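The values are calculated or read from the model by the stated rules, or taken from the named source; none is laboratory data. Predicted, not measured: the structure shown is a model, and the values here were computed from it. We place every Cβ from the backbone using ideal geometry, glycine too, and count neighbours over all the protein chains shown.
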Amino acid sequence: MNPTNTKAALHVPSSLHILGVLCGLTAGVWLGAAEAPTKLVNSGFSPFAISLCMVAGVFTARWTFPTLLKGTTYVFADLREKKHLIVWAILAGALWAVANTLTVFAIRDVGLAIAFPMWNTNSLIGLLWGRLLFHELQGASRLNIGKVLLGGVLIIAAAIMLGFSTLHGDTAAGHHIAGGLAAAGGASLMWGTMYVPYRKAYLSGMNPLSFVTAFTVGELVTMLLLVWTLDGGSRSTAFQWARLQPVLFWLFLGGMIWVIGDLFQQFACKYLGIGRGIPLSNTNQLWGLAWGALVFGELQHADSAHRWLVVGGSTLMILGALSISTAVASAKEHSSVQQALLRECNRYGLDYNKTLAAQAGEEFNTRGERRRWWDYAIVTAACLVFVWLATGARRPELTMDLRWTAVLLVVLVVSLVFASLRLWRQTRFS
């Protein structure tokens with residue numbers, strides 16, 4: 001199979017780079033806001049139970065948004081056309097479920113301040129896989145390579161500084177430190193490797209919305225197996241409805257917020273590659289700190305040294321994001337990526353030009369997206385689930401600054417609307 005439009009293959013509009021950067025930064029905003037439910041880890045539930053409940057919320061939201069934006073007809077037609085990628089999506093979901101469970105253990109044993117920076121090193125692991133398997137940064141100028149590497153390192157350094165800014169001497173949990181550090185490191189490895197199926201899918205022209213539909217099956221099945229085999233089976237706190245009911249809504253809500261952030265992260269990976277997209281989405285720690293410090297008052301009693309860590313870490317993270325954002329891929333770099341795309345097309349018998357168009361957000365222009373009655377039923381059922389859980393919810397006993405909550409909620413909404421409109425106008429969510 002030979003490409004018939006090589007010149008077009010070498011040219012990718014800079015507007016797609018801008019779109020990818022916008023999606024990566026928006027992902028950071030939403031992923032950072034999804035951290036609040038982790039505070040429930042110390043509420044007497046096992047880490048497996050917390051992770052399973054969040055994954056159940058993720059499962060509900062992951063089926064809802066693709067159905068709402070594209071319709072099941074579109075999604076399943078995409079999956080049928082690229083059946084070989086379904087197993088990759090399920091594998092990615094399984095990796096995510098294991099990584100997410102490890103983060104809950106890490107938070108319990110060493111605290112969010114130490115665990116978060118450790119698992120955010122997944123961006124470097126993703127960068128390594130992107131270079132080895134998909135020729136990312138091959139053919140890039142030294143300046144662009146330097147920008148991407150510098151940006152990734154700055155963001156990780158900033159994550160460490162922001163993490164230690166919330167550490168006040170009593171966060172870690174004694175003899176569990178070694179296990180907590182191992183769990184955080186394992187989560188980093190799992191999440192960094194999870195991006196390999198992401199990139200493989202998008203090189204093959206699969207829509208992110210279709211990918212996450214299969215992805216979520218791997219998540220839920222893996223979590224059920226983990227709970228059943230490692231958390232006491234039917235005796236797990238995950239199945240103790242009377243205890244879970246008051247907090248289940250908040251865990252589902254956290255899962256839904258995470259899904260929105262992850263969808264934007266998926267689009268960032270598609271249009272920027274994992275080497276650029278993941279570090280940008282890892283700015284979520286900056287927003288997670290904002291929720292912790294401004295809404296929950298986690299830095300209220302911090303001394304000047306810790307406050308300077310916040311200022312320095314925030315500055316480094318912004319500089320890192322700027323460094324990556326300005327590393328626009330050249331035609332030569334795109335040429336090496338197209339070689340990886342051609343390899344995927346030859347391996348699986350895909351049409352090169354159609355796959356190339358899909359990479360540019362122009363896929364399936366002739367495919368209908370008409371909604372069926374069951375599409376509306378799926379969305380309605382998901383909304384009813386959240387309403388039902390909300391009726392039995394109890395507000396967590398956490399002190400919150402409602403003014404800062406309102407400000408950050410506005411930031412969430414504005415980022416969602418702006419990025420969604422840009423995605424719709426430029427790619428129709430493709």
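Observations, loosely collected:
- Listed by first and then second residue, the pairs linking a residue in region 376-405 that is at pLDDT below 80 to a residue that is hydrophobic (A, V, I, L, M, F, W, C), with Cβ atoms under 6 Å apart and 6 or more places separating them unless they lie on different chains, are Ala393/Phe249; Met400/Val295.
- Counting only residues that are touching a helix residue (DSSP H, G or I) at 6+ places or on another chain (Cβ under 7 Å) and surrounded by fewer than 19 Cβ atoms within 10 Å (Cβ to Cβ), region 225-236 holds 2 of them.
- Residue in region 186-193 that is crowded, with 24+ Cβ neighbours inside 10 Å, over 18 Å from the mean Cα position of the chain (by Cα) and modelled with pLDDT of 80 or more present: no
- Among the residues of region 237-248, those that are in contact (Cβ under 8 Å) with a residue 60 or more places away in the chain and either of a type in the set (A, V, I, L, M) or surrounded by 21 or more Cβ atoms within 10 Å (Cβ to Cβ) (or both) comprise Ala238, Leu244, Val247, Leu248.
- Residue within region 237-255 that is touching a Lys or Arg at 6+ places or on another chain (Cβ under 6 Å) and modelled with pLDDT under 85 present: yes
- Total residues in region 247-268, condition touching a Pro at 6+ places or on another chain (Cβ under 9 Å) and farther than 30 Å from Met206 by Cα: 2
- Glu298 satisfies every condition listed in (1) surrounded by fewer than 24 Cβ atoms within 10 Å (Cβ to Cβ); (2) in a helix (DSSP H, G or I) except (2).
- Within this structure, Met190 fails the test of being over 15 Å from Thr101 (Cα atoms) and either in contact (Cβ under 8 Å) with a residue 24 or more places away in the chain or among the aliphatic types (A, V, I, L, M) (or both).
- Selection of first residues in region 77-90 that are farther than 13 Å from Thr213 by Cα and of second residues that are at pLDDT below 90 and surrounded by fewer than 18 Cβ atoms within 10 Å (Cβ to Cβ), restricted to Cβ pairs under 7 Å at least 6 apart or on distinct chains, gives the following pairs, ordered by first then second residue: His84/Tyr348.
- Filter result for Thr101 (crowded, with 22+ Cβ neighbours inside 10 Å, at pLDDT 80 or above and β-branched (Val, Ile, Thr)): yes
- Residues (more than 11 Å from Leu263 (Cα to Cα), surrounded by 19 or more Cβ atoms within 10 Å (Cβ to Cβ) and either free of Cβ contacts under 8 Å to residues at least 24 places away in the same chain or in contact with a Phe, Trp or Tyr (Cβ under 6 Å, 6 or more places away or on another chain) (or both)) located in region 17-27: Leu19, Gly20
- Members of region 320-343 that are under 22 Å from the mean Cα position of the chain (by Cα) and in a helix (DSSP H, G or I): Gly320, Ala321, Leu322, Ser323, Ile324, Ser325
- Qualifying residue in region 325-343 (condition: at pLDDT 80 or above, closer than 25 Å to Tyr198 by Cα, buried (at least 18 other Cβ atoms within 10 Å of the Cβ) and in contact with a Lys or Arg (Cβ under 9 Å, 6 or more places away or on another chain)): yes
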